[in-house]
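Report on one structure; see the data block that follows.
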Amino acid sequence: MTRVALAFDLGGTELRAALVNSEGKILAFKSVLTLAKDGPDAVIDQIDALAGKISANVPHAVPIGIGMGAPGPLDPVAGIVIAPPTLSGWQDVPLAGILEDRFNLPVRLENDANAAALGEWRFGAGRGATSLVFVTVSTGIGGGVIADGRILHGRRGLAGEIGHMAITSESERCFCGAVGCFEAVASGTALGRRATTLTKPGDGSALRALSDDGEVTGRHVVEAARGGDELALMLINREARWLGIGFTNLLHLYSPDMIVMGGGISHGYDLLRKPIEATIHERAMPAYRDVPVVPAQLGRHAGLIGAASLILCDQSLSETESWQPITSAGAVGSAE
Ligand SMILES: [Zn+2]
């Protein structure tokens, strides 16, 4: 019988659910807008309702557990959502325990960026790697680190906050309050802001034409560069340079087998690849220069598939009957 897990990706705007089989294939998918302002109880009811709907789609698949990706900070071992800025009223919510009681199934909780890293590692671009760094470049920069065959959690599950490593002494102020964060200079938001500053409404530029004379986004820059626009190509080169500097730090820190790049800006991977590699070649020590930077394969489903893998790849759950609650026993269950 094929193993199936119920997976959730709990975001501040969207709550997504899927049934995923042991090959990492999505058998059913549904999403709703998260009732983020209504507090934990409302969202937990939404999770319950989605689980029912999605299971009804594939009546013969009986999930052996629930994998949940949620915004950090969270404690993956204790299964507690600590205080995510995008979910109001969530303060130390023991989400894994609550869901175990409701569904009578084992539940594993993981920070959403780590869940996406697990997805790409186990079922996407990173299959076969022992170590990898997953970097998602979109509105912000996030990621997760797989080191020596396991996700790197660090103290309180807070490791791998890639977007906030400082890579320059000057930049716009990052939302975290610091200056020079990787995210502040290399995110899609930073790319769009740079493009907006260098153009004006009505100036006839390709970038403003694509944005209908509004704010230019990172996606617009990628699109204009693909059309051969010189300003956009210059901006893409600058973006690739910042990414290359950040990636070089990651190579030196973690010595991964590969860097997997996802997020909205990775749609411009074909344009970014060469200047990223040139920057790595220029800045990394020789032993690290041949590590490939590859595009993610699972797109927006990486987090869901990774969340499912918390259950599907957990050897202790091979017998459905033998699962141990991770909260009530006080025992520490493996998060993998
Ligand atoms: Zn920051």
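The values are calculated or read from the model by the stated rules, or taken from the named source; none is laboratory data. Note that the structure is predicted; figures quoted are calculated from it, not measured. Backbone-built Cβ (ideal geometry, glycine too); neighbour counts: all protein chains shown.
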If you go through segment 136-167 one residue at a time, how many are modelled with pLDDT of 95 or more and of a type in the set (Ser, Thr, Tyr)? 1
What tally of residues in segment 101-137 results from selecting those that are touching a residue at least 24 places away in the same chain (Cβ under 8 Å), under 23 Å from ILE276 (Cα atoms) and not hydroxyl-bearing (Ser, Thr, Tyr)? 14
Only unsatisfied item for ARG194, checking (1) basic (Lys, Arg); (2) at pLDDT 95 or above; (3) under 30 Å from SER309 (Cβ atoms), is (3)
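Need a quick list: helices (runs of 4 or more DSSP H) entirely within segment 129-212 having at least 1 residues that are within 15 Å of the ligand (Cβ to nearest atom) and surrounded by 22 or more Cβ atoms within 10 Å (Cβ to Cβ).
Working: elements: 182-186, 188-197, 206-210.
Those helices (runs of 4 or more DSSP H) span 182-186, 188-197.
Hey, any hits in segment 69-81 for a residue that's closer than 15 Å to ILE305 by Cβ and either surrounded by fewer than 18 Cβ atoms within 10 Å (Cβ to Cβ) or hydrophobic (A, V, I, L, M, F, W, C) (or both)?
Filtering segment 69-81 down to residues closer than 15 Å to ILE305 by Cβ leaves 69.
So of that shortlist, the ones also either surrounded by fewer than 18 Cβ atoms within 10 Å (Cβ to Cβ) or hydrophobic (A, V, I, L, M, F, W, C) (or both) come out as none.
No.
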Quick one: ILE64 ticks every box in (1) surrounded by 14 or more Cβ atoms within 10 Å (Cβ to Cβ); (2) of a type outside the set (Ser, Thr, Tyr); (3) over 23 Å from ALA116 (Cβ atoms) bar one, so which box is it? (3)
In this structure, is LYS30 surrounded by fewer than 21 Cβ atoms within 10 Å (Cβ to Cβ) and part of a helix (DSSP H, G or I)? no
Scan segment 277-292 and tell me whether some residue there is under 20 Å from the mean Cα position of the chain (by Cα), closer than 19 Å to GLY126 by Cα and of a type outside the set (Ser, Thr, Tyr). yes
